[in-house]
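The structure appears right after this line, and notes come after that.
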Amino acid sequence: VTGVQTCALPIFVLGDHFSQRGRSWNPLDYLDPSGSLAGLFFMFGWPHRADFDRRMFKNPKMDEWRLYLSASVFNFLLALIGILLLFMLSLISVHLPQFIARNLGLVFSMFAATNLMISIYSFLPFFPLPGYDLLYRNLSPVSRHKLDHYRSVTMLILMVILFLFGHVLAAPVSALLSILLKTNPFLLTSVSLVIASWLFLVELKARAKD
């Protein structure tokens with residue numbers, strides 16, 4: 001489950017300091033301890049905060065949105081992969097011991113649901129979600145200073161929402177997951193390939209200005 005915390009992997013060469021010092025493909029480099037625990041308990045989490053210099057972007061505002069949007073789309077891609085793994089499991093489950101097939105099904109289902117939930121809700125304006133950083137970076141210096149005083153408060157609000165209203169957040173995710181599970185797997189595979197091509201052939205070719 002904690003593997004899904006690679007979801008917001010800042011691999012896009014748009015001024016990201018991770019990329020500047022050499023991209024790491026080790027998922028542990030992007031894990032956030034509290035975000036991983038939240039993923040286990042609430043099926044919702046967050047990665048290590050991306051460290052980038054907005055001034056190094058070709059188009060600062062647009063490229064920053066691209067960075068966060070691409071991370072969210074990457075989550076959706078992982079959710080589709082989890083669903084395709086469930087489909088493959090259904091084809092070979094008769095050849096596996098029942099307890100192995102059942103446990104693999106639970107893991108793949110949780111993997112898909114968690115990534116889908118993160119993809120949908122990562123833009124909520126609460127620390128330490130990407131949505132908070134996006135809001136913070138687009139405020140005036142005075143507003144940033146004020147918001148920074150309430151950083152811990154926004155995190156507390158997020159924890160309360162996840163604890164008390166997690167089932168409300170999960171309802172639309174479960175509905176969408178049910179629809180995707182009923183979708184033709186060949187269509188899901190085609191969509192996954194299109195998304196992967198966009199992420200890894202288009203986004204990875206983006207370059208920071210000299």
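Karplus-derived 3J(HN,Hα) values for the stretch 151-158, using 6.51 cos²θ - 1.76 cosθ + 1.60 with θ = phi - 60°, are 4, 5, 5, 5, 5, 5, 4, 4 Hz; glycine and proline are entered as x.
So how do His48, His95 rank on accessible area, 1.4 Å probe, biggest first, that is with the largest at the start? Intermediate results must be reported in sequence, preceding the final value.
Details: His48 85, His95 150 Å².
Largest accessible area first, the list is His95, His48.
Exposure check, 1.4 Å probe, all protein chains in place: Val168 carries approximately 80 Å² of accessible surface. Dividing the alpha-carbon radius of gyration of the stretch 80-199 by the rule-of-thumb value 2.2 N^0.38 Å gives 1.39.
Just reorder Tyr136, Tyr68, Tyr150 by solvent-accessible area, largest first, 1.4 Å probe, all chains present. Numbers along the way, then the final one.
Details: Tyr136 60, Tyr68 20, Tyr150 135 Å².
Ranked from most to least accessible, the order is Tyr150, Tyr136, Tyr68.
In the assembled protein chains, Ser192 presents an accessible area of approximately 10 Å² (probe radius 1.4 Å). Accessible surface for Asp148 stands near 70 Å², nearest 10, in the context of the full protein assembly shown (1.4 Å probe). With all protein chains in place and ligands, DNA and RNA left out, the 1.4 Å accessible area ranks Phe74, Phe165, Phe200, Phe186 as Phe186, Phe165, Phe200, Phe74, largest first.
The values are calculated or read from the model by the stated rules, or taken from the named source; none is laboratory data. These numbers were taken from a predicted model, which means no experiment stands behind them. When the accessible area is computed, the model is the full protein with side chains, heavy atoms only, and any ligands, DNA or RNA have been set aside. Shrake-Rupley method; radii C 1.70, N 1.55, O 1.52, S 1.80 Å.
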